[in-house]
Amino acid sequence: MPANNTTRRSPLLPTVVAVALLVAAFIAYASIWSEKLWFDSTGFTGVFTTQLLTQVALFAVATLLMGGALFGNMYLAHRLRPTDRRSGASAVLDRYRELLEQNITMTMVVPALLFGGMAGLSAATQVLPVLAWLNRQPAGVTDPVFGLDASFYMLEYPIWRLGASLLMSALLFGLVAAAAVHFAMGNLTPNRNTIEQQGGAASTHLSLLAAAILVVYGLQNLLDRYGLLLDSGTLFTGLHYTDAHARLTAKLVVAVISFLVATLFFVNAFAHRSILPLAGVVLMLVSGLILSLIYPMVVQGLQVRPNEPDLERPYIADHMAATKAAYGVADAEITEYEAVTQVQPGQLAADAAALPGIRLMDPNVVAPTFEQLQQVRGYYTFPSMLDIDRYTIDDQATDVVIAAREINPQAIPDPNWNNIHTVFTHGHGFVSAYGNRRQSNGEPVWITRDIPPAGAIEETQSRVYFGEQSSNFAIVGRLPEQDPIELDTPGGAQGGGEQYNQYEGLGGVPMGDYWRRLVFATRMTDLNILLSDRVNANSRILFDRTPRERVQKVAPWLTIDSNLYPAIVGGRLVWIVDGYTTSSTYPNSQRVSLQRATTDTQTTSLVAQLDAPINYMRNSVKAVVDAYDGTVDLYAWDEEDPLLRTYQQVFPGTVRPRADISDDLLAHLRYPEDQFKVQREILSRYHVTDPRVWYDSTDVWEIPVDPVQTSDQEREPSYYLSIRWPGDAEPIFSQTAVFVPRNRQNLASYLSVNADASHENYGQLRILRMSDTQQIDGPGQTQNAITQNPAVAERLLPYQQTRGSAAVRFGNLLTLPMGNGLLYVEPIYTERSGSAGAYPALTFVVVRFGEYVGIGSTLQEALDAVFGGDAGADTGELPVDGSEGGVAAGDGTDTAEEAPTGPVDEAAAVAALRRAEDAFAAADAALRDGDLAEYQARTDEAKAALAEALRSMGR
């Protein structure tokens, strides 16, 4: 038999490739389908399908455009090949020509698919801009140059630029590919005579491509004229004098020249005289260099620079107006403030209503106190920076320090798969304390506390299945015959053991059938989802559980505020999230870095914003995420915002009208931090109205360095607190900040915004501008005066001179307009050093007004020390007995000395007073040693002895 020389190929490689493709396809399917199920569970399926279909459409269009341009031009060049071709001139060309002849798929289809796919992937990332362009809504504001609506620049211009860029890339790649094929096939040779004789078809093809490229280039130059209103120039973002008088005309002329040269190439497609269009290209390049670069430089250097203040004045005015409008600061009210610095008794009488609202609990300091006193178990945690909200307690609006008790994923005992994903599934409890009160030992006065929560704020559902710490997925749900396994309340069961809970909410995705278990096991890359007996027919998987990512997924067009906060609304614990619509293409508005503008000493405790440039910002949406079932509700807040109205058209029904906000929810909405910080950044320079002053930079403000931090680079944060603005009748919940002059430390101005969403003047920005005739110390100078004050130093000395004693920590330095001047208030905390269970306790309050500094154990004592023994108003503080309940505020009335009403035992009274004196002496000694527990015990003993003395005196 003849030998069989046929070589059989091993099926191993094709099998491996096929299996790999199937696995990759299933992974992609699992990712997309599980994502779809997540959107189904939240009720925002339309957001998912709209984005997915648009991505597919953009990918297909860009792939066809780029791939079609490449393949079409290469195939046409191949079809136009000459009938008689010479070979042997180049081995490389001969080989490539053979490949073109024998395998069109490898030489044309594959490159076209490769480049087309790359273009498609790039285009697929532009889903939101394209959808916004298709559903654009007018802003109602026109630019001063072209008279176009601002929405053209924010929503249309970027898409026209994107389309022109994609078309230009397709034509350029097509030209290069066609030229390469023409050259390989012999249509183009270095011999000029051969080109004239044989290159007619190639010349026509390439000339038409070149003409198309030049037409697109001309259109790009026309678009660039609008882009001048968005460029960052020598002074600001927007149109400058040189732009208006040189670059606008230059780009128009270059566009006309490119159209003329395109006409020459079009004619050359039939005349085959390449010298003329090539000369046109050279002329276009030279003229473009002169018009676009040299001419503007001459105008700027010889005409503008010597007369810049006068020539740029109208453009600065347009820029200032656009910037103020884009950031919502155009209506900021500036008042000249002649702040007094002298003190007199009774000076704060007019501010009596505001004094009880001065916040003494610093949310950035007392987080460890919450942790130690309300953590309950080590696997619970609170955020490193707490939040401020306001609640009505006993019919009185009160500033409250708040936090939610969540599971700490890093502190779960025995962190095995079952504990992480099926047992420690949720936190429990909303904890709150008065912002203006403390217990006698310096601890907060709790409003709500413990597990289950108890206190003055009613909580019907306070379990936290969706929270800021919920980074792990959780599997919940049990069969009717199975016992609950989710840890709910430690010590809450009968006999003091742990109490377990079964999730009864509708959050999460049902995953009881095997197919869904396989899908989620693939998505989570976790085989235990398939193998665990704890996954049953009633199981639901909770994932993407943090409020931030839930809002970001259902509203991908929003920028999320860096600080979201919990609240009790309708008895349920919810998370309130502020969402912004932003743009970097608002005409003539100054562009800033969102990250830089929002960075201060609190940023390390929050999620930092992306380093993205913006020049337009609106708090367009208030979002609410239910902590139990993960429900997301989006409410339109700035209903006039064109970007919000646009995305409401893109995703209809996803944003509820503002009228749907309940009164209970409205009471807890506040002015968002990041927007205020960005506006603060803008107002530091754009508070002026005269373009000449803006240009000269003679009235530029700066955000001061935080005086209570060790770093000299971190800026002071803004503060939430209730203040009474000069001239107002009542205090208002506000967000405040201060400015200092550039390169100075004295106070330049005081900024406040009405942060109470239920108030008719919500969002009103007001500025107190300090007089230039006298200096008012800024935060840094005030902090220096406080730390160097002899009375303050004396009170703090016992905590600083003894090794192992309690360390001193200064709280936030608050600034309030009071007494016709500026009042600085700073709480001082002490914390025992070297103790594992140590936490800050409010020990002193220090006050400064003008040059006068006072320190006391209470705010009232510190104020009276400054204002000649009588501040003129009662802070509402009462002695605290250390009980668990809150402390009622006093009514500010004086009580006359009462006569004895019973028998008098002078001997017993004297003995009791001596015991009180001894107890007070022991308390002072304990305080000097930093032993706060002993200090508290001896103080209580002294109080009891004084009470006994009073009884012995018949009182």
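Structural remarks
- Scan of the range 378-402 for residues that are farther than 14 Å from residue 358 by Cα, among the hydroxyl-bearing types (Ser, Thr, Tyr) and not in a loop (DSSP other than H, G, I, E, B), ordered by number: 380, 381, 391, 392
- Among residues of the range 403-417, those that are at pLDDT 95 or above and assigned to a helix (DSSP H, G or I), counted: 1
- Inside the range 639-667, residues that are part of a helix (DSSP H, G or I) and under 22 Å from residue 616 (Cα atoms) make up a count of 10.
- Positions within the range 673-697 being in contact with a Lys or Arg (Cβ under 9 Å, 6 or more places away or on another chain) and not in a helix (DSSP H, G or I), in sequence order: 687, 697
- Among residues of the range 377-394 that are under 29 Å from residue 837 (Cβ atoms) and without any contact (Cβ under 8 Å) to a residue 12 or more places away in the chain, none has a beta-carbon under 6 Å from a residue that is polar (S, T, N, Q) and not in a strand (DSSP E or B) at least six positions away or on a different chain.
- If you go through the range 608-635 and keep only what is more than 19 Å from residue 549 (Cα to Cα) and among the aliphatic types (A, V, I, L, M), you end up with 614, 617.
- Flag for residue 615 being buried (at least 22 other Cβ atoms within 10 Å of the Cβ), on the phi > 0 side of the Ramachandran plot and in the same structural domain as residue 764 (by TED's automatic domain parsing): no
- Among the criteria (1) modelled with pLDDT of 95 or more; (2) within 27 Å of residue 212 (Cα to Cα); (3) in a loop (DSSP other than H, G, I, E, B); (4) not aliphatic (A, V, I, L, M), the one residue 189 does not fulfil is (1).
- Options 486, 468, 481, 443; residue that is among the charged types (D, E, K, R) and surrounded by fewer than 19 Cβ atoms within 10 Å (Cβ to Cβ): 481
- Filter result for residue 458 (assigned to a loop (DSSP other than H, G, I, E, B) and touching a Pro at 6+ places or on another chain (Cβ under 8 Å)): no
- Considering the range 330-376, the residues that are under 26 Å from residue 775 (Cβ atoms) and among the polar types (S, T, N, Q) include one that is modelled with the highest pLDDT, namely 335.
- Which listed residue is in contact with a Ser or Thr (Cβ under 9 Å, 6 or more places away or on another chain), part of a loop (DSSP other than H, G, I, E, B) and within 15 Å of residue 362 (Cβ to Cβ), from 824, 839: 839
- Among the candidates 105, 125, the residue that is without any contact (Cβ under 8 Å) to a residue 40 or more places away in the chain and touching a helix residue (DSSP H, G or I) at 6+ places or on another chain (Cβ under 9 Å) is uniquely 125.
- Subset of the range 342-372 [crowded, with 17+ Cβ neighbours inside 10 Å and of a type in the set (A, V, I, L, M)]: 343, 348, 354, 355, 358, 360, 361, 365, 366, 367
- Screening the range 224-238 for residues that are within 32 Å of the chain's Cα centre (by Cα) and within 25 Å of residue 168 (Cβ to Cβ) and picking the one that is surrounded by the most Cβ atoms within 10 Å (Cβ to Cβ) gives 229.
- Search result, residues across the range 43-67 that are out of contact with any helix residue (DSSP H, G or I) (no Cβ under 6 Å at 6 or more places or on another chain) and part of a helix (DSSP H, G or I): 46, 49, 50, 52, 53, 56, 57, 60, 61, 64
- For the range 23-46, the criterion of being within 40 Å of the chain's Cα centre (by Cα), farther than 30 Å from residue 131 by Cβ, modelled with pLDDT of 75 or more and outside the structural domain of residue 133 (by TED's automatic domain parsing) is met by at least one residue.
- So residue 399, is it closer than 15 Å to residue 467 by Cβ, in the same structural domain as residue 507 (by TED's automatic domain parsing) and of a type in the set (Asp, Glu): no
- Remark: pairs (first residue in the range 793-806, within 10 Å of residue 830 (Cβ to Cβ); second residue of a type in the set (D, E, K, R) and at pLDDT 70 or above; Cβ separation under 9 Å; 6+ apart in sequence or on different chains) = 805/832; 806/831; 806/832.
Residue by residue, here is whether (1) of a type outside the set (A, V, I, L, M); (2) assigned by TED's automatic domain parsing to the domain that holds residue 585; (3) closer than 22 Å to residue 232 by Cβ; (4) not in a loop (DSSP other than H, G, I, E, B) holds:
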| position | (1), (2), (3), (4) |
| --- | --- |
| 254 | no, no, yes, yes |
| 273 | yes, no, no, no |
| 296 | yes, no, yes, yes |
| 323 | yes, no, yes, yes |
| 331 | yes, no, no, no |
| 334 | no, no, no, yes |
| 339 | no, no, no, no |
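- Enumeration of residues in the range 331-351 that are over 24 Å from residue 753 (Cβ atoms) and aliphatic (A, V, I, L, M): 340, 343, 349
- Residue within the range 502-515 that is in contact (Cβ under 8 Å) with a residue 40 or more places away in the chain and over 20 Å from residue 45 (Cβ atoms) present: yes
- For the condition of a type outside the set (Val, Ile, Thr), more than 27 Å from residue 820 (Cβ to Cβ) and surrounded by 19 or more Cβ atoms within 10 Å (Cβ to Cβ), residue 686 qualifies.
- Conditions (1) surrounded by fewer than 17 Cβ atoms within 10 Å (Cβ to Cβ); (2) in a strand (DSSP E or B): number failed by residue 774: (2)
- The single residue among 722, 697, 684 that is more than 19 Å from the chain's Cα centre (by Cα), over 26 Å from residue 825 (Cβ atoms) and not hydrophobic (A, V, I, L, M, F, W, C) turns out to be 697.
- Sole residue being modelled with pLDDT of 80 or more and more than 30 Å from residue 656 (Cβ to Cβ), chosen from 53, 93, 100, 80: 80
- Residues of the range 506-533 that are buried (at least 19 other Cβ atoms within 10 Å of the Cβ) and in a loop (DSSP other than H, G, I, E, B): 507, 508, 511.
The values are calculated or read from the model by the stated rules, or taken from the named source; none is laboratory data. Note that the coordinates shown come from a computational prediction; the quantities given were computed from them, not determined experimentally. Note that each Cβ is placed from the backbone with ideal geometry, even for glycine, and that neighbours are counted across all protein chains shown.
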